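Q: After the structure tokens below, expect a handful of questions from me.
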Amino acid sequence: MEQSPYPVLIGGKKKVTQEIAKVRFPYTGEVYAEVCQAGPVEIKEAVAAASRGFEETRVLSTHARARILDTLACRIHERSGELAEVLVMEGGKTRKFAATEVARAETTVRTAAEEAKRIYGEIIPLDWGSESEGRTGYLRRFPLGPVLGIVPFNFPLNLACHKLAPAIAAGNSVILKPSSATPVSSLLLGDMAVEAGLPPDAISVLPCPVGRAEQLAKDPRIAYLSFTGSCPVGWHLREIAGRKKVCLELGGNAAVIVHEDANLAYAASRIATGGFTNAGQVCISVQRVLIHRPVYDKARDLILAAASKLVFGDPRDPATDIGPMLDRIKAEQAYAKVQDAVRQGARCLCGGTLEGTMFAPTILEGTSPGMRVNCEEVFAPVISLVPYDTFEEAVRLANDGEYGLQAGIFTQDIDRAFSAFEEMEVGCVQVNDIPTFRADHMPYGGTKGSGTGREGPRYAIEEMTEQRLLVINRQGGA
């Protein structure tokens, strides 16, 4: 029996529309699901519902918000097998990586439930001068209003949770706009949020072409825009968003520095993982590996050996480590950058082949900073090995470019680690690990072209709320 198209979710209610989009399994190209698309009418209905829903969510008690989120986390746990299967089929994630994402999504929601109880205020004595005697300030955070969360294809469940869960914790209503390629997981998440007790008007999930998201971004009733995706789209949405607050989590070309005192075997293993996990379709994927010249040859051989152990193939196979890229167009765009580098003199040490969406894990050397594999985001299973002579040179190379999301440094020298922390122009420096590491409760975001604002439930709650001050003049009441 054929599966009916998934309906859109508007104010907690399912609605079937006439426009249908196909969701394809990236490994074979076969149709996995059909999904109804939201049009201008549905978008207007969703914003109206979010405005009504906010009137309910903003007065929910702390324990009610936390209970909704705890219940949602339990629903995710109960349906973990189903959700992992969806991630494999709609996004081409390997089975083991899909299971990891579902577990992370549960953790993200549970963390938001805890942080809902920690939205603290402050009491401020104002009697610093004779003119303000008897006055005390009471500072509190209040929810902003409807939140628009635009979710990318590469982590469609966990990043949806990073937008939905803090919004609920803060007392806001939410509209999720999932990637057109991976909408099913967000639709299931929306259903589970309603089941968990979120007021129905407070949640809508709108699969639609990316251009229609502009209607949502421009709407003044949307109080906060959280976007994860490409740099051009993100900065464009910020330009048209008006006065609303905006958080952008954008691209990167993350660098790793491997100094001569590093644990080379460990560094090599982590670099192979960070460069090729999810077929390199991670904004903090390892892309540039800067290796101290005295250990360059040894580190290169260890990285090649680590990469050779990774299993490349069908993401449905539990043994597979690296599966397909999302679609042929994205794969061909990334492959063109590798071909450009080789034409300009770079050497391909392994991989360098593309068949359909299957981009073989690729390691290059002999690249230069101006090559597109270095100065642009490749977003594919491609890393470049670059030797350096001094640590200062490595930091300069890491900082060279328009991105600044995360970076890694492998060293045993604490002074060198703190020097990197002070000098590297990124949102996070990882010492003795790859930039691809992210704990879901940590502050996450970039500098320069990589975006603005921070995610992580506690930090997203701060972004999704505003401070309001109450001043009491005790003398005036006498």
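The values are calculated or read from the model by the stated rules, or taken from the named source; none is laboratory data. This one's a predicted model, so the numbers in the text were calculated from it and none came from an experiment. Cβ sites come from the backbone with ideal geometry, for glycine too, and all protein chains shown count toward neighbours. Please note that ligands, DNA and RNA were not included when accessible areas were found on the heavy atoms of the full protein model with its side chains. Shrake-Rupley method; radii C 1.70, N 1.55, O 1.52, S 1.80 Å.
Q: Would you call L60 at pLDDT 95 or above and within 24 Å of the chain's Cα centre (by Cα)?
A: In short, no.
Q: Being open to solvent by less than 30 Å² (accessible area, probe 1.4 Å), modelled with pLDDT of 95 or more and under 20 Å from P294 (Cα atoms): is that true of A460 here?
A: No: the conditions fail for A460.
Q: So Q18 fits all but one of (1) among the polar types (S, T, N, Q); (2) part of a helix (DSSP H, G or I); (3) exposed (fewer than 15 other Cβ atoms within 10 Å of the Cβ); what number is the exception?
A: Every condition holds for Q18 apart from (2).
Q: Hey, another quick one. Looking at the range 131-149 only, could you name the residues that are surrounded by fewer than 24 Cβ atoms within 10 Å (Cβ to Cβ), not hydroxyl-bearing (S, T, Y) and not in a loop (DSSP other than H, G, I, E, B)?
A: Answer for the range 131-149, where residues must be surrounded by fewer than 24 Cβ atoms within 10 Å (Cβ to Cβ), not hydroxyl-bearing (S, T, Y) and not in a loop (DSSP other than H, G, I, E, B): E131, R135, G137, L139, R140, R141, F142.
Q: Could you tell me whether T452 is buried (at least 16 other Cβ atoms within 10 Å of the Cβ), within 26 Å of A116 (Cβ to Cβ) and hydroxyl-bearing (S, T, Y)?
A: For T452, the condition - buried (at least 16 other Cβ atoms within 10 Å of the Cβ), within 26 Å of A116 (Cβ to Cβ) and hydroxyl-bearing (S, T, Y) - is met.
Q: OK, next. Out of A272, A262, A223, which single residue is modelled with pLDDT of 95 or more, open to solvent by 10 Å² or more (accessible area, probe 1.4 Å) and more than 18 Å from G145 (Cβ to Cβ)?
A: A262
Q: Inside the range 318-366, can you point out the residues that are in contact (Cβ under 8 Å) with a residue 40 or more places away in the chain and among the β-branched types (V, I, T)?
A: T320, I322, V338, T357, I363
Q: Considering only the range 62-71, I want to know if a residue exists there that is free of Cβ contacts under 8 Å to residues at least 60 places away in the same chain, of a type in the set (S, T, Y) and surrounded by fewer than 15 Cβ atoms within 10 Å (Cβ to Cβ).
A: yes
Q: Only residues that are of a type in the set (K, R), out of contact with any helix residue (DSSP H, G or I) (no Cβ under 8 Å at 6 or more places or on another chain) and either over 14 Å from I363 (Cβ atoms) or not in a helix (DSSP H, G or I) (or both): list them for the range 270-300, please.
A: If the condition is that a residue be of a type in the set (K, R), out of contact with any helix residue (DSSP H, G or I) (no Cβ under 8 Å at 6 or more places or on another chain) and either over 14 Å from I363 (Cβ atoms) or not in a helix (DSSP H, G or I) (or both), then R270, R293 are the ones that fit.
Q: Can you tell me which residue is most open to solvent (accessible area, probe 1.4 Å) among those in the range 241-259 that are hydrophobic (A, V, I, L, M, F, W, C), farther than 19 Å from Q430 by Cβ and not in a loop (DSSP other than H, G, I, E, B)?
A: That would be V246.
Q: Related question: Tell me, please, whether a residue that is basic (K, R), more than 29 Å from the chain's Cα centre (by Cα) and either assigned to a loop (DSSP other than H, G, I, E, B) or surrounded by fewer than 21 Cβ atoms within 10 Å (Cβ to Cβ) (or both) can be found in the range 365-373.
A: no
Q: How about the range 280-318: which of its residues are among the basic types (K, R) and open to solvent by 60 Å² or more (accessible area, probe 1.4 Å)?
A: Residues satisfying the conditions are R293, K298, K309, R316.
Q: Let me ask you something else. Condition first: part of a helix (DSSP H, G or I) and touching an Asp or Glu at 6+ places or on another chain (Cβ under 8 Å). Can you find one or more residues in the range 460-478 that meet it?
A: Looking for residues that are part of a helix (DSSP H, G or I) and touching an Asp or Glu at 6+ places or on another chain (Cβ under 8 Å), one finds at least one in the range 460-478, hence yes.
Q: Within the range 201-209, does at least one residue satisfy the condition of being more than 17 Å from I68 (Cβ to Cβ) and modelled with pLDDT under 95?
A: Yes, there is a match, as at least one residue in the range 201-209 is more than 17 Å from I68 (Cβ to Cβ) and modelled with pLDDT under 95.
Q: Okay, moving on. Can you name the number of the only condition in (1) exposed (fewer than 14 other Cβ atoms within 10 Å of the Cβ); (2) among the acidic types (D, E); (3) within 27 Å of the chain's Cα centre (by Cα) that E55 fails?
A: Just one mismatch for E55, condition (3).
Q: Select, from A394, A380, A341, the only residue that is part of a loop (DSSP other than H, G, I, E, B) and modelled with pLDDT of 95 or more.
A: Answer to the selection: A380.
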